[in-house]
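Trainee: Got a structure for you, questions after.
The values are calculated or read from the model by the stated rules, or taken from the named source; none is laboratory data. Owing to the predicted nature of the structure, the values given are computational and were not obtained by experimental measurement. Every residue, glycine among them, receives a Cβ derived from its backbone with ideal geometry; neighbour counts consider all protein chains shown.
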Amino acid sequence: MKYNVPFLLLFVFLGCTPQKTPSSTRKDLMKIKRWAYVLQGPRLAIKEGHPLTIDQIVDTPYDLYVIDYSGDGGYKLEFKRKDIERLQKKRKIVLAYMSIGEASDFRFYFRVLPKNIIESPNPDWPGAYKARYWLAEWQKFIYGNPMGFRKSWLDRILDAGFDGVYLDIVDAYLHFGPKEMGGSGERPQAADDMVDLIAGLSAYAKKKNPHFFVFPQNGSSLFRHSKKTDLYFNSIDGIGQEDLFFFGSKKMNNSLNPQKDIIENLLEFKKRGKLVLVIDYIQNIEKIKKFYELCGKHGFIPTIGSRELDGTLLPHHKGF
């Protein structure tokens with residue numbers, strides 16, 4: 001049988017061109033029942049965990065994953081689109097971790113970061129520093145530069161095909177904000193600045209992918225402190241919260257101590273149709289049972305983890 005050239009070209013186009021994995025939609029997002037938060041491979045008898053690989057999580061039974069955009073956080077092990085598609089082909093939603101309120105010395109941008117961006121070191125995480133997130137010099141490393149070695153963090157994430165971002169250190173606005181709120185007083189409009197950063201990032205991403213999801217982590221009171229409440233809620237799809245029910249000074253397994261003000265904030269997010277992801281750092285079975293019970297009561301989506309977020313506690317989810 002002979003084919004004419006146009007028909008043959010059409011056959012090749014339809015039959016041989018790799019098909020793009022469909023984007024997850026808001027409908028898919030709202031079906032999430034369980035999620036996993038894993039930023040590195042398992043820690044053994046060493047200071048840091050091994051790099052995370054897709055093999056370590058691809059067959060675990062979660063609907064949504066928060067992972068770093070790279071196996072070890074650095075540019076050399078950045079995940080490729082084919083890596084993320086391995087999860088998406090199994091109907092998983094994949095969010096990339098981004099710290100927008102702190103700079104870290106292992107990130108691709110750090111060696112060229114202007115010194116005026118850096119403020120104080122984080123005593124709990126060596127190598128992390130509060131960043132003056134409202135500065136244009138910082139924001140160009142976060143989003144809006146699509147090419148070259150200085151390609152922005154968000155552009156790297158978009159190119160890898162992630163479904164969205166999970167934005168950490170949103171509560172940096174409290175650090176820089178008014179003294180009467182416990183801040184340094186350097187930036188009285190710090191809450192509005194943070195909303196502007198999140199809104200700009202969100203608009204940029206959603207222009208490239210209308211189904212791209214934006215989740216801040218912690219800082220649940222931002223909408224109460226900013227004059228730009230509607231802009232904030234219109235820019236995000238959900239929120240993540242740490243240490244909600246078992247809050248305390250211990251690294252793991254604090255006593256039951258629900259954060260009532262934060263729960264009220266999170267219920268406002270739910271009221272506005274946003275997905276609420278919650279992680280508590282516990283491993284005691286009775287505490288895990290109570291945690292799942294409380295999350296179910298409030299309509300929050302639960303997960304547990306070790307503080308290092310190395311995935312070692314994920315098996316505890318079985319049966320919950």
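Trainee: Is there a residue in region 226-237 that is within 14 Å of the chain's Cα centre (by Cα) and over 22 Å from residue 122 (Cβ atoms)?
Mentor: yes
Trainee: Restricting attention to region 198-210, which residues are within 21 Å of residue 159 (Cβ to Cβ) and buried (at least 17 other Cβ atoms within 10 Å of the Cβ)?
Mentor: 198, 201, 202, 204, 205
Trainee: Kindly indicate the residue of region 154-185 that is in contact (Cβ under 8 Å) with a residue 24 or more places away in the chain and charged (D, E, K, R) and also surrounded by the fewest Cβ atoms within 10 Å (Cβ to Cβ) among those meeting that condition.
Mentor: 159
Trainee: All but one of (1) closer than 30 Å to residue 33 by Cα; (2) without any contact (Cβ under 8 Å) to a residue 60 or more places away in the chain; (3) of a type outside the set (Phe, Trp, Tyr); (4) out of contact with any strand residue (DSSP E or B) (no Cβ under 8 Å at 6 or more places or on another chain) hold for residue 56, so report the exception by its number.
Mentor: (2)
Trainee: With respect to the numbered conditions (1) free of Cβ contacts under 8 Å to residues at least 24 places away in the same chain; (2) surrounded by 22 or more Cβ atoms within 10 Å (Cβ to Cβ), which one is the sole condition not fulfilled by residue 123?
Mentor: With (1) free of Cβ contacts under 8 Å to residues at least 24 places away in the same chain; (2) surrounded by 22 or more Cβ atoms within 10 Å (Cβ to Cβ) applied to residue 123, the lone miss is (2).
Trainee: Name every residue in region 71-88 that is in contact with a Leu (Cβ under 8 Å, 6 or more places away or on another chain) and closer than 19 Å to residue 212 by Cβ, in order of residue number. Give the steps one after another, and end with the answer.
Mentor: Going through region 71-88, the residues in contact with a Leu (Cβ under 8 Å, 6 or more places away or on another chain) turn out to be 71-73.
If the condition is that a residue be in contact with a Leu (Cβ under 8 Å, 6 or more places away or on another chain) and closer than 19 Å to residue 212 by Cβ, then no residue fits.
Trainee: Restrict the check to region 265-272 and report whether at least one residue is touching a helix residue (DSSP H, G or I) at 6+ places or on another chain (Cβ under 6 Å) and under 18 Å from residue 167 (Cβ atoms).
Mentor: Within region 265-272, one or more residues are touching a helix residue (DSSP H, G or I) at 6+ places or on another chain (Cβ under 6 Å) and under 18 Å from residue 167 (Cβ atoms).
Trainee: Tell me which residues, restricted to region 46-92, are part of a loop (DSSP other than H, G, I, E, B), hydroxyl-bearing (Ser, Thr, Tyr) and at pLDDT 95 or above.
Mentor: 69
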